[in-house]
1. Between 0 and 90 degrees, rounded to the nearest ten: what's the tilt of helix 205-214 against the longest Cα principal axis of the chain?
2. Would you mind checking 60/81; 346/488; 81/114; 266/644; 2/60; 330/480 for any pair whose Cα atoms are more than 18 angstrom apart?
3. Using θ = phi - 60° and the Karplus relation 6.51 cos²θ - 1.76 cosθ + 1.60, list the HN-Hα couplings for the range 434-446 in order, rounded to whole Hz, with x at every Gly or Pro.
4. Compute the distance in nm between two label points, each set 7 Å from the Cα along the Cα-to-Cβ direction, one at residue 384 and one at residue 126.
5. Relative to the first principal axis of the alpha-carbon coordinates of the chain, what is the inclination of helix 308-322, with its axis defined by its Cα atoms, in degrees from 0 to 90 and to the nearest 10?
6. Run the quick spin-label model on residue 567 and residue 167: label points 7 Å from Cα toward the beta carbon, then report their separation in nm to one decimal.
7. Using only Cα atoms, locate the centre of the range 551-579 and the centre of the range 167-214, then give the distance between them in Å, rounded to an integer.
8. With r as the distance between the Cβ atoms of residue 515 and residue 478 and R0 = 45 Å, compute the FRET efficiency 1/(1 + (r/R0)^6) and round to 0.05.
Amino acid sequence: MKGVFVAGTDTDVGKTVVSAFLCHALGQQTEVTYFKPVQAGYPTDTDHVTDVCEQRLRIKPSTYSLRQPMSPNRAAALEQKDLRLAEILKDWDERDETIHVVEGAGGLLVPLNKQDKIIDLIQGMELPCLLVASTRLGTINHTLLSIEALNEKSIPCLGIVLNGATDPGLKELLEEQSGVPVVLELPTFDSVNADSFDGFLSKSEGARALVEQLCPKWKHGDQTAEDLEAFDKEYVWHPFTQHGIVKNHPVVTKGKDSYLYLGNHKVLDAISSWWVNLFGHCHPGLSRAVQDQAHQLEHVIYAGFSHEPGTLLAKRLVELARARGANLDKAFYSDNGSTSVEVALKLAYQFHQQNGDKHKTRFLAFRGSYHGDTLGAMSVGERRGFNEIFSPLLFEVDTVDPFDDEALQLYFEKHGDQCAAVILEPMVQGASGMRMYGAEVLDRLATLADRSRSLIICDEVFTGFYRTGKMFAFEHSRLKPDLLCLSKGLTGGYLPLAVTLVGQRLFDVFNNSDMRQAFLHGHSYTANPIACRVALASLDLIETSQTERAVQNIEQWTRECLGDLEQACEVYNVRTLGTIGAFEVNSDDPHYFKGDFSFRFHRKALEQGVLLRPLGGTIYTVPPYCMTKTELQKTYQVIHQIIKEEF
Ligand SMILES: *Cc1c(COP(=O)(O)O)cnc(C)c1O
């Protein structure tokens with residue numbers, strides 16, 4: 001068993017703060033178990049430690065939890081309990097490979113029962129000891145006596161931790177007298193929380209050395225950032241990146257709520273990490289869902305098998321869509337937005353082939369749309385710009401401009417009969433620059449498609465789950481999808497997962513005894529159970545009134561911030577839809593391939609603590625729903641600042 005026993009020279013010297021600090025620091029890079037074998041009084045030290053450390057912390061429940069905050073044997077006597085050393089040691093699981101931070105109760109000689117004291121427990125657990133002393137009157141005597149007691153029992157002592165206001169000369173004196181190093185001088189924290197611990201960790205070499213001693217593979221984020229960046233440069237090819245322009249990729253060491261941490265540099269994630277994150281980074285409930293499922297069933301082939309999270313998620317999504325008037329009954333899983341689109345296209349095509357409409361082979365797409373980066377998804381996407389080179393490889397697709405009703409009308413008059421399906425991003429074309437269009441386009445399309453029996457594929461990979469202020473963007477209109485693609489926010493931003501929802505009418509055409517008429521498509525990680533489980537947990541959060549309120553707030557604040565920005569500087573086409581806010585700084589220059597504006601803007605914002613990634617000349621925000629008003633205001637202040645500097 002690995003770990004440390006955090007003992008005190010006395011009660012109330014700060015063992016819990018030290019334990020929480022160690023759990024937090026170790027937890028950044030390894031799995032930690034906190035264990036307080038004997039607890040007397042409420043709220044418990046375990047509560048305090050859990051409050052500060054949420055990530056990667058496992059809690060081993062106290063063997064004895066006593067009501068009165070007093071010496072354990074006395075508190076136990078009041079409850080007619082008998083504290084037994086053997087009982088505690090039985091709880092001490094030998095096979096567990098995580099690092100343990102065990103917290104004692106009171107000083108070393110505090111009795112547990114007639115024979116045994118805390119020091120006997122330390123000995124029984126065979127852990128090295130860290131002795132916490134507080135810088136107050138009497139410390140020297142208490143510390144030296146405690147070390148004598150440890151020496152007598154041959155318990156290794158990693159060192160002394162001095163807790164509290166600095167006392168010049170105390171460290172040297174204790175080291176000289178006891179022969180044990182003072183490994184840590186913990187300041188009095190203004191508030192005990194993850195941020196103050198991180199601040200201390202980055203300032204104190206002693207703290208880092210201690211944590212490294214407990215976990216040799218542990219490295220403080222900052223120390224390895226340079227190495228990692230170098231390795232990254234050598235071995236990684238990043239998505240959507242011109243490596244000739246982007247020379248380095250900052251290392252993100254952790255995430256929490258609206259923030260990403262680049263070592264000690266905190267950055268507000270104003271674009272939900274490419275529009276996937278809904279509730280902030282490392283949400284405790286979602287992280288727990290991942291952890292729980294990983295211990296139960298991590299993955300299984302989905303052809304021929306099913307599992308609870310896959311089934312329940314399908315049911316839940318279908319119910320969600322039905323409650324919004326869509327005739328959707330079956331969920332077909334895949335693992336990213338592009339594949340959910342491929343599935344939709346293939347299903348629509350095969351449906352008509354098997355349904356006696358062999359001539360329905362054409363697809364209609366809106367100009368300026370984006371449906372993903374695989375060849376089929378690219379075929380229905382905008383071909384100007386980054387897809388142009390692949391044009392010869394893509395299948396033929398009909399296109400109309402979403403703002404051109406006449407062309408739409410004309411298309412259906414001429415080709416409606418051959419149109420298998422129309423695919424669109426309802427209300428807003430995301431990747432092509434947050435191009436928003438009105439619900440009346442969708443209303444008209446619904447009528448036209450219905451008349452020609454063309455299927456409607458709503459690609460809500462981006463717009464799903466309240467991004468546009470409603471659960472699904474199709475709800476803004478009368479249009480109902482025949483196929484609905486969901487991905488990005490589906491797992492709250494945790495894991496890749498996608499789904500294509502279809503109606504019974506479609507399913508029935510595939511449902512017979514002919515293998516060739518089945519939908520023979522599947523991905524290795526179809527319906528990964530961990531991804532499905534976290535999606536269910538995310539849906540639990542989505543369907544709360546808090547989320548609805550948060551979305552309304554963000555909508556409101558985004559409008560206010562954009563209004564202020566418009567007053568303060570020259571910006572164009574200011575627009576919002578739900579939680580999305582967007583505008584241009586130059587009305588006609590898309591800038592994209594200069595790589596320059598967008599990247600420069602991104603880097604400047606990053607320096608000022610905000611993650612933004614303009615789409616060409618379009619600057620936009622798509623915050624996670626946990627973002628506060630102050631955080632959003634800060635985001636727009638930074639935007640304002642950069643525009644002032646650049647234009
Ligand atoms: C992002 C996106 C996709 C592609 O999803 P990936 O998971 O990146 O493959 C498809 N459609 C829309 C509308 C998107 O925004």
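The values are calculated or read from the model by the stated rules, or taken from the named source; none is laboratory data. Not measured: the values here are computed from a predicted model. Ideal geometry is used to build each Cβ from the backbone, glycine not excepted, and the neighbour counts take in all protein chains shown. Accessible surface is based on the protein model in full, side chains and every heavy atom, while ligands, DNA and RNA are left aside. Shrake-Rupley method; radii C 1.70, N 1.55, O 1.52, S 1.80 Å.
1. 90 degrees
2. On the way: 60/81 21 Å; 346/488 21 Å; 81/114 13 Å; 266/644 23 Å; 2/60 14 Å; 330/480 15 Å.
The pairs that break the limit, which is 18 Å between Cα atoms, are 60/81; 346/488; 266/644.
3. 6, 7, 9, 9, x, 4, 5, 4, 5, 4, 4, 4, 4
4. 7.2 nm
5. Roughly 50 degrees, rounded to the nearest 10.
6. In this crude spin-label approximation the distance works out to 5.6 nm.
7. The two parts, judged by their Cα centres, are 47 Å apart.
8. Numbers: r = 39 Å, r/R0 = 0.86.
About 0.70, to the nearest 0.05.
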